[in-house]
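Single-structure report; data block below.
The values are calculated or read from the model by the stated rules, or taken from the named source; none is laboratory data. Nothing here was measured: the structure is a model prediction, and the numbers come from that model. All Cβ positions, glycine included, derive from the backbone under ideal geometry; neighbour counts span all protein chains shown.
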Number of protein chains: 2
Amino acid sequence: MPTVHPPPAFQPIVHEGVGVPLYRVVARRLLAAIESGAMPPGSVLPNERDLASQFGVSIGTLRQAVGELVASHVLLRRQGRGTFVAHHDAERFLFHFFHVERADGLREAPEVETIRFERGRLDDDAADALGLRPGSAAWRIENRLRLQGRAVVHDRLQLPLSHFRGLTAKRFVERPSTIYRLYQDAFAITVLRARERVRAVAADADVAQALGITRSQPVLEVRRTALTFGDRPVEYRVSTVVTGAHEYVQTLSRH
Amino acid sequence: MPTVHPPPAFQPIVHEGVGVPLYRVVARRLLAAIESGAMPPGSVLPNERDLASQFGVSIGTLRQAVGELVASHVLLRRQGRGTFVAHHDAERFLFHFFHVERADGLREAPEVETIRFERGRLDDDAADALGLRPGSAAWRIENRLRLQGRAVVHDRLQLPLSHFRGLTAKRFVERPSTIYRLYQDAFAITVLRARERVRAVAADADVAQALGITRSQPVLEVRRTALTFGDRPVEYRVSTVVTGAHEYVQTLSRH
DNA sequence: AAGTGGTCTAGACCACCAT
DNA sequence: TGGTGGTCTAGACCACTTA
């Protein structure tokens, strides 16, 4: 039997206009192969010598191209093992996309409990963030996240139906791993990064009930737009965080 | 006349234990020269060929060392001009350390107005963040920041006296550029990055008065620890942000 | 032992910038 | 025009992983 994902054979690079560095052309070719599904998340790339000769470039140039994609978390290098197309897992989610931790610095993956799942329409904010028309068909999902057994975060997700056709409550709830991993495995959508805008607001009745807090208590409201390749938005969510025992954490300027 | 900052001559690298890559040894040497003051912020490095031969390494290895320091914002490369020791300016501050912008995405540098400047003592939080004893002598400073003429942020800074000896209200207020630039020029302290922890709280009387808002209105409280070389903490500040017209913004996972 | 990525060399030539 | 960093080559050898 053939392997499930035969690595594509890359054609030598010819000229591709002046001013564009060769390594960037190579990086774009690799990215295109990943986006097209020819090299799915988790799959291994041909080794660097082979790749370099397929592209007709030196190994140094090939490494510079791969290095760019590693820096943007599209690829993952593991010495002695190979280079892999990055995929979502609990660790990556925790590190890159979940920025709530206990006041004393303890980080842990949240327990997610889905409290609402229905077909609906994008509200104005979501439509704006996703670049779609308000009222477009969408999944509307609410989750409650617990840390150390305590309800700390309330999430309202809006997913455009056009990207997530065929999603069901059952598939959503019974996913084997994180939500972003589900996007990736079931819909070939890879979340690479996200923009977040944070405000302080008074908890509304909905959130207060879901999190068991007093109405009008100050809470963080985090509005996130998740992006895939080419910075195309694929998910809009509003997270409400009860701060006090837990906090929203950022390290500025690491890059 | 001699130039103000003659670039130090670097000695060839001999062995430096196994397992440590050569380029990392070179990077540490450069960093040490910067930390020691031999290459002050804004100064230009010798060109890459010369540096490589001083260290006795190939230009590729030298470039890899410099590349690491550029990635961590210690150095700055400008093609055709040279490699420079990074220094703080309004642009860098805005980009790396000021994450408040108008709800519609407009970013602008804040107008800073100092409303309190006095000698005092570190409180428990600041002492903990700075790794010093509570009650250590410190400068305590309060600023009000305006955006588009509107008071949006209230800052409470605590600076350990030991690092900022000789600071005066006059020097602080009449600094020619940003606060971090003052740290750098007057105290040889370069802020490289910062950790921030964000909570939603009700505005206290102090803050409400300074920002002209109602007491108990939900506001963001951002507690920042600013770090220099070796992740040594040098400043602790609590910023209170009125969100609504303005927001706290983050882009996750760029790196 | 075989295969992978990681480090390092000793160049050549290009693109950009100041003068 | 001369100097800078940026790109690219064609290797050699090292360190790590797996079998």
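Looking at region A:229-243, which of its residues are closer than 17 Å to A:Arg181 by Cα and at pLDDT 95 or above?
Answer for region A:229-243, where residues must be closer than 17 Å to A:Arg181 by Cα and at pLDDT 95 or above: A:Pro233, A:Val234, A:Glu235, A:Tyr236, A:Arg237.
In region B:153-176, is there at least one residue being touching a Ser or Thr at 6+ places or on another chain (Cβ under 6 Å), of a type in the set (Asp, Glu) and closer than 22 Å to B:Leu227 by Cβ?
Yes, region B:153-176 has at least one match.
Considering region A:70-100 alone, what residues qualify as being within 16 Å of DNA strand D (Cβ to nearest atom) and within 11 Å of chain B (Cβ to nearest Cβ)?
Matches in region A:70-100: A:Val70, A:Ala71, A:Ser72.
As an exercise: evaluate A:Phe98 against (1) loosely packed, with under 13 Cβ neighbours inside 10 Å; (2) out of contact with any helix residue (DSSP H, G or I) (no Cβ under 9 Å at 6 or more places or on another chain); (3) not basic (Lys, Arg) and give the number of the one condition it does not meet.
Unmet for A:Phe98, out of (1) loosely packed, with under 13 Cβ neighbours inside 10 Å; (2) out of contact with any helix residue (DSSP H, G or I) (no Cβ under 9 Å at 6 or more places or on another chain); (3) not basic (Lys, Arg): (1).
If you scan region B:42-70, which residues turn out to be at negative phi and away from DNA strand C (no atom under 13 Å from the Cβ)?
B:Ser43, B:Leu45, B:Pro46, B:Asp50, B:Leu69, B:Val70
Of all residues being under 19 Å from the mean Cα position of the chain (by Cα) and polar (S, T, N, Q) in region A:126-163, which is surrounded by the fewest Cβ atoms within 10 Å (Cβ to Cβ)? Just the residue, please.
If we take residues in region A:126-163 being under 19 Å from the mean Cα position of the chain (by Cα) and polar (S, T, N, Q), then A:Ser162 is surrounded by the fewest Cβ atoms within 10 Å (Cβ to Cβ).
Among the candidates A:Val26, A:Val112, which residue alone is away from DNA strand C (no atom under 12 Å from the Cβ) and over 19 Å from the mean Cα position of the chain (by Cα)?
Values: A:Val112 fails: over 19 Å from the mean Cα position of the chain (by Cα).
It is A:Val26.
When you check B:Ala103 against the structure, is it more than 20 Å from the chain's Cα centre (by Cα) and within 12 Å of chain A (Cβ to nearest Cβ), yes or no? Break it down stepwise before answering.
Working: more than 20 Å from the chain's Cα centre (by Cα): yes; within 12 Å of chain A (Cβ to nearest Cβ): yes.
In short, yes.
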